[in-house]
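These notes are about the structure you will find just below.
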Amino acid sequence: MYDSIQLTVMKLIPKRTISRFAGAFARSRFSRPFISAFARKYAIDLDEAELTLADYHSLTEFFIRKL
């Protein structure tokens, strides 16, 4: 059921719009709670990061972090 709804939405909304929305969200402070989940899901070694998770203000900042 969820897959068919998701597929319908993906067909109705232009991909460029979805991409811009996702990028704006990742740069926003609202993405901050998702940083730890992102790190867990992709098994990111947090010991390599220059800062702690709490120091990143957005998912984009975490994604482009210095090691």
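The values are calculated or read from the model by the stated rules, or taken from the named source; none is laboratory data. Since the model is a prediction, treat every value here as computed from it, not as a measurement. All Cβ positions, even for glycine, are placed from backbone atoms using ideal geometry, and neighbour counts span all protein chains on display. Accessible surface areas use protein heavy atoms only, side chains included; no ligands, DNA or RNA. Shrake-Rupley method; radii C 1.70, N 1.55, O 1.52, S 1.80 Å.
Mind listing whichever residues of the stretch 1-23 are hydrophobic (A, V, I, L, M, F, W, C) and part of a helix (DSSP H, G or I)?
Passing the criteria: Ile5, Leu7, Val9, Met10, Leu12, Ile18, Phe21, Ala22.
Would you confirm, using the coordinates I've provided, whether Ala26 is small (Gly, Ala, Ser) and on the phi < 0 side of the Ramachandran plot?
Taking the combined requirement at face value, the residue satisfies it.
Are any residues in the stretch 24-60 open to solvent by less than 90 Å² (accessible area, probe 1.4 Å), out of contact with any helix residue (DSSP H, G or I) (no Cβ under 8 Å at 6 or more places or on another chain) and not in a loop (DSSP other than H, G, I, E, B), and if so, which ones?
Matches in the stretch 24-60: Ala24, Ala37, Ala54, Asp55.
Kindly provide the set of residues from the stretch 2-20 that are open to solvent by 100 Å² or more (accessible area, probe 1.4 Å), of a type outside the set (Ser, Thr, Tyr) and farther than 19 Å from Ile64 by Cβ, ordered by number.
Asp3, Lys11, Leu12, Lys15, Arg16
Those residues that are hydrophobic (A, V, I, L, M, F, W, C) and modelled with pLDDT under 90, I need them from the stretch 12-37; list them, please.
Leu12, Ile13, Ile18
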